[in-house]
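Since the structure comes first, as C-alpha cells, the remarks are kept for the end.
Here, each number is a calculation from the coordinates, and none is a lab measurement. Values in this document were obtained by computation on a predicted structure and should not be read as measured data. Here the Cβ positions follow ideal geometry from the backbone for every residue, glycine too, while neighbour counts run over all protein chains shown.
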Amino acid sequence: MKKIAVLGSTGSIGTQTLEVVRANSDIKVVSLAAGSNIQLLEKQIREFKPVIACVFNEEKAKELKERVADLSVKIVSGMDGLVETAIVEEAEIVVTAVVGMIGIRPTIAAMEAGKDIALANKETLVTAGHIIMPLSKSKQVKILPVDSEHSAIFQCLNGEDKREIQRILLTASGGPFRGKTREEMRSIRVEDALKHPNWAMGRKITIDSSTMVNKGLEVMEAKWLFGVEFEDVEVVVQPQSIIHSMVEFSDGAVMAQMGTPDMKLPIQYALYYPHRRHLDGKRLDFSALSQITFEAPDMVNFPGLRLAYEVGKTGGSAPTVFNAANEMAVSLFLNKKIGYLDITDIIEQAVEEITLIKNPTLKEILDTEQATYEFIKGRWSD
C-alpha cells in the first residue's frame with residue numbers, strides 16, 4: 001500500500017490525483033490540504049478518510065472542524081498546518097499541487113522528513129531550485145515531476161546518462177492566441193484567455209499558458225530538474241499537444257514522449273515510478289492523426305517567454321520577482337483590474353525595479369516575494 005499526502009487537493013491537479021487513487025486500490029491518502037474550498041474538501045475527507053487535513057484559511061478551518069466533528073480526522077490551518085500535512089509520518093510521497101510560492105516551505109519540510117516529492121508546484125524550483133536540488137541529494141529523496149512536459153522529459157531520460165543530453169526540447173501548445181499580434185490581443189477578455197485549446201487546467205495556469213509565461217517558468221524548472229543550462233532548453237510550439245516534450249542526445253538521437261493530453265498520466269507515473277500501470281482513457285489513433293506540426297515560439301508578441309530566459313540566466317532572486325509579479329498580475333487580470341497585455345508589462349517593470357540578491361536564502365526569497373507584491377500594489381491595485 002502506497003501512502004500519499006495531497007497538498008492542493010481541491011485544485012485541478014489535486015482532484016485528478018484523487019481520480020488516480022480511486023482507480024487504484026493500493027494507494028491510501030493519509031493527508032489532504034486545500035486553500036478555502038471546504039465543501040469539496042469535506043467530501044474528500046469523508047471519501048478518503050485521511051488522518052489530517054489542512055485548510056489554509058483559519059476561519060474556514062474552524063467551520064470545517066465543526067462539519068467533520070463526527071470523524072477522527074485532525075483539522076489544522078495556516079502555514080504551520082500545511083507543513084504538518086506534508087510531514088505526516090505515514091506519508092511516503094507528497095503531491096505538491098498547491099498554486100504559488102506557498103508550496104516552498106511544505107516541500108522543504110517534507111524533503112527534510114525524508115518524503116519523496118511528486119512535484120506539481122513549479123514555483124518551488126523556479127524560485128528555490130538552488131536550495132531544493134542540493135537538499136534532494138543530501139536527503140536522498142526523489143523529485144518526480146508531475147508537469148506533463150517535465151514528466152515527458154523524465155520518461156525520455158529513464159535509463160539514459162544525463163551527461164549525454166544535447167538539448168531539451170520543451171513543447172508548447174502556443175495557447176489560444178497563437179499567431180496573434182500584441183495589437184490583436186489588446187482587447188482580450190478574461191473569458192477568452194480561459195479557453196485553452198487542448199488542456200483542462202486551473203484558472204491561473206490557463207492564463208499563464210495563454211501568455212506563455214507558464215512555458216518560461218517550465219524552462220526555469222527544467223534547468224534545475226535535469227541539471228542543464230538555459231542554452232540547452234529549447235521551446236518548440238507543437239499545437240496538437242501530442243508530443244509532450246523531447247530530448248536530443250549527443251549522438252543526434254531524439255526521444256519523445258507522446259500521448260493524448262491527460263494529466264492523470266504524469267500524475268500516475270510519478271506515484272508508481274519506476275513502474276507503469278493501466279490508465280483508462282483515450283489512446284492516440286495514428287491512422288486518424290493527419291499531422292503533427294512544429295513552430296518556433298513567438299517571443300516578440302509573447303515577451304513573457306523571452307523575459308523568462310533573461311531572468312533565468314540572471315538567477316538569484318530575479319526568478320522570484322518574475323514569478324511573484326506574474327502571480328499578482330494574473331490575479332489583477334482575473335479580477336478585471338488590468339488589461340491582458342498589462343500582465344507581461346508588470347512583470348518586466350517589477351524585474352527592473354526589485355533589488356537583485358545573488359544567492360538568496362529561503363527568508364530572502366519570501367521577502368523578495370513580498371517586496372514584489374508591495375511594488376505592484378503601490379502602482380496597479382488602487
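Near the amide H of Lys74, within less than 5 Å, lie the amide hydrogens of Ile52, Ala53, all on another chain or at least 5 residues away, with H placed in the peptide plane.
Taking only DSSP H segments of four or more residues, each worth -39500 (n - 2.57), what value at 222 nm results for the chain once the sum is divided by all its residues, to the nearest 500 deg cm²/dmol? Could the numbers behind the result be given before it?
On the way: 16 runs with 176 residues, N = 382.
Per the formula, -14000 deg cm²/dmol.
Checking the cross-link pairs Lys336/Lys377; Lys115/Lys139; Lys74/Lys204; Lys62/Lys377 against a 20 Å limit on the alpha carbon distance flags Lys74/Lys204; Lys62/Lys377 as lying beyond it. Each residue, Lys337 and Ser36, gets one label point 7 Å from its Cα in the Cβ direction; the gap between the two is 1.4 nm. Would any residue of the range 313-335 have its amide N under 18 Å from a label point 7 Å out along Cα→Cβ of Glu364? List them or say none. Backbone N within reach: 313-324. A Stokes-Einstein calculation at 4 °C with viscosity 1.567 mPa s, built on the Kirkwood radius of the range 67-113 over Cα pairs, returns a diffusion coefficient of 112 µm²/s. With the alpha-carbon atoms of the range 71-214 aligned to their principal axes, the span from lowest to highest coordinate is 52, 48, 26 Å, starting with the largest. Is the shape of the chain rounded, prolate or oblate, going by the alpha carbon gyration tensor and its root eigenvalues a ≥ b ≥ c, with a/c under 1.5 for rounded and a/b larger than b/c for prolate? Note, shape of the chain comes out rounded. Based on alpha carbons, the Rg and Dmax found for the range 281-382 are 17.8, 56 Å. Computed extension gain for Glu92 through Asp251, at 0.36 nm per residue and net of the alpha carbon distance, reaches 53.5 nm.
So how much slack lies between Lys264 and Thr15, counting 0.36 nm per residue of separation and subtracting their Cα-Cα distance, in nm? Before the final figure, lay out the partial values.
Values: separation 249, 0.36 × 249 = 89.64 nm, distance 0.99 nm.
Full extension of this stretch gives 88.7 nm more.
For Glu112 and Phe294, what does the FRET efficiency come to when R0 = 35 Å and r is the distance between their Cβ atoms, rounded to the nearest 0.05? For Glu112 and Phe294, the calculated efficiency is 0.25. Working from label points 7 Å from Cα in the Cα-to-Cβ sense, the Glu59 to Glu47 distance is 2.8 nm. For Met258, neighbours were defined as the other residues whose beta-carbon sits under 15 Å from its Cβ, and their charges (Lys and Arg +1, Asp and Glu -1) total 0.
Scale the Cα Rg of the range 1-125 by the rule-of-thumb value 2.2 N^0.38 Å and send over the ratio, two decimals. Working shown, then result.
Working: Rg = 12.8 Å, N = 125, 2.2 N^0.38 = 13.8 Å.
In units of the 2.2 N^0.38 Å rule of thumb, it is 0.93.
When Rg and the Kirkwood Rh are both derived from Cα coordinates, the Rg/Rh ratio for the range 1-50 amounts to 0.93. Site pair Gln166 and His278 shows an inter-label distance of 3.9 nm when each label is modelled 7 Å from Cα along Cα→Cβ. Take each peptide in 18-28, 37-47, 166-176, count the other Cβ atoms within 10 Å of every residue, and average; sorted highest first, the result is 166-176, 37-47, 18-28.
How do Met255, Met101 line up, fewest other C-beta atoms within 10 Å first? Don't jump to the answer; show the numbers that get you there.
Values: Met255 17, Met101 21.
Ranking Met255, Met101 by Cβ neighbours within 10 Å, fewest first, gives Met255, Met101.
Largest first, the extents of the alpha carbon coordinates of the range 182-317 on the three principal axes equal 44, 37, 30 Å.
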